[in-house]
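Please treat every number below as a calculation from the coordinates, not as lab data. Model, not experiment: these values are computed from the prediction. Note: ideal-geometry Cβ built from the backbone for every residue, glycine included; neighbour counts use all protein chains shown.
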């Protein structure tokens, strides 16, 4: 059973997604809808996505199916940076890069939480110092 978590990491500014060991196309579609609802529920100009894939080991691998599933989210005008972290799987990196380039999404992938948080702070200086959350998320 899926135990994915989608929460505000920084209230009204940064959404965090934490995947468990398996994600399906249906999960991705549900998550895209949920994140769009979260973005639409606030007035912030840009909402960033932090996506933790540390536990993920089963996932769809067809770009042609994943892309349309995430279209609603990545076409949203207020989605800022999508940052994947705890990522050391070349296939996940390739899929994420291919999908985000399809929609011209601001995207980066990092091996560690620290690198991801430091990057997001470097591109959006209005965020609080995310390094204070390292190991607490």
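One way to sum up the overall shape of the chain is the equivalent ellipsoid from its Cα gyration tensor, whose semi-axes run 21, 17, 14 Å, largest first. Sorting 20-32, 74-86 by average packing, meaning the other beta carbons within 10 Å per residue, from highest down gives 74-86, 20-32. Peptides 45-51, 90-96, ordered by how many other C-beta atoms sit within 10 Å of their residues on average, highest first, read 45-51, 90-96.
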